[in-house]
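Down below is the structure, laid out as structure tokens.
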Amino acid sequence: MLEVLVAFIIVALVVTALFRLFGGALGNAAAAEDWTRALLVAQSRLALAASAVPLKETNDAGSDASGRIQWRTSVAPYVPPDVNPDLERASEAMTTRLYRVSVDVTFAADNGREKQLSLSTVKLGERNPQ
């Protein structure tokens with residue numbers, strides 16, 4: 001009888017550990033889904049802002065259909081760091097320039113804290129679009 005009782009205790013400990021393991025896995029899956037959703041919003045907003053014709057300085061903000069993910073895009077002139085001043089002066093005569101297109105996405109995680117994701121790219125556009 002004692003052996004059966006010990007066997008039940010061991011099975012109960014193993015089952016408890018498995019439930020904790022599965023609970024943690026479900027939490028990780030939910031977090032991965034939140035990050036994936038935010039990344040998809042960021043990628044689509046970045047692609048939309050970068051494909052504007054003509055590309056010009058602008059800021060935009062909004063949220064997804066559920067309201068859980070907020071995004072903010074910006075298009076601004078880009079000057080590479082440590083650029084040669086002579087090269088920078090020469091580029092001012094060109095009809096095109098570099099623009100930095102960026103998107104910041106904010107979303108609430110399951111634990112209630114806010115998470116942020118940022119993506120950016122550099123695109124070539126007209127210097128003074130009308």
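The values are calculated or read from the model by the stated rules, or taken from the named source; none is laboratory data. The model shown is predicted, which means the values in this text are computed figures rather than measured ones. Virtual Cβ from ideal backbone geometry, glycine too; neighbours counted across all protein chains shown. These accessible areas exclude ligands, DNA and RNA; they are computed on the full protein's heavy atoms, side chains included. Shrake-Rupley method; radii C 1.70, N 1.55, O 1.52, S 1.80 Å.
Solvent-accessible surface of the stretch 25-103, taken per residue with a 1.4 Å probe and all protein chains present: 65 Å². Normalised by the number of residues in the stretch 57-130, the average gap of Cα pairs under 8 Å and 6 or more apart makes the relative contact order 29 percent. Of the accessible area of the chain, computed with a 1.4 Å probe over protein heavy atoms only, carbon and sulfur atoms account for 61 percent.
Farthest toward the positive end of the dipole of the chain, out of Ala52, Leu124, Trp71, is the Cα of Ala52, where the dipole comes from beta carbon charges about the Cα centre. Its Cα gyration tensor gives the stretch 39-100 an equivalent ellipsoid. The semi-axes, each the square root of 5 times an eigenvalue, are 31, 12, 8 Å from largest down. Descending by average beta-carbon neighbour count within 10 Å, the peptides 77-89, 96-108 line up as 96-108, 77-89, the highest first.
Counting only Cβ charges, +1 for Lys and Arg and -1 for Asp and Glu, the dipole size of the chain around its Cα centre is about 180 debye. For the chain, the Kirkwood radius over C-alpha pairs fed into Stokes-Einstein at 25 °C and 0.890 mPa s yields D = 132 µm² per second. Out of every Cα-Cα pair that the stretch 1-50 contains, those further apart than 14 angstrom amount to 70 percent.
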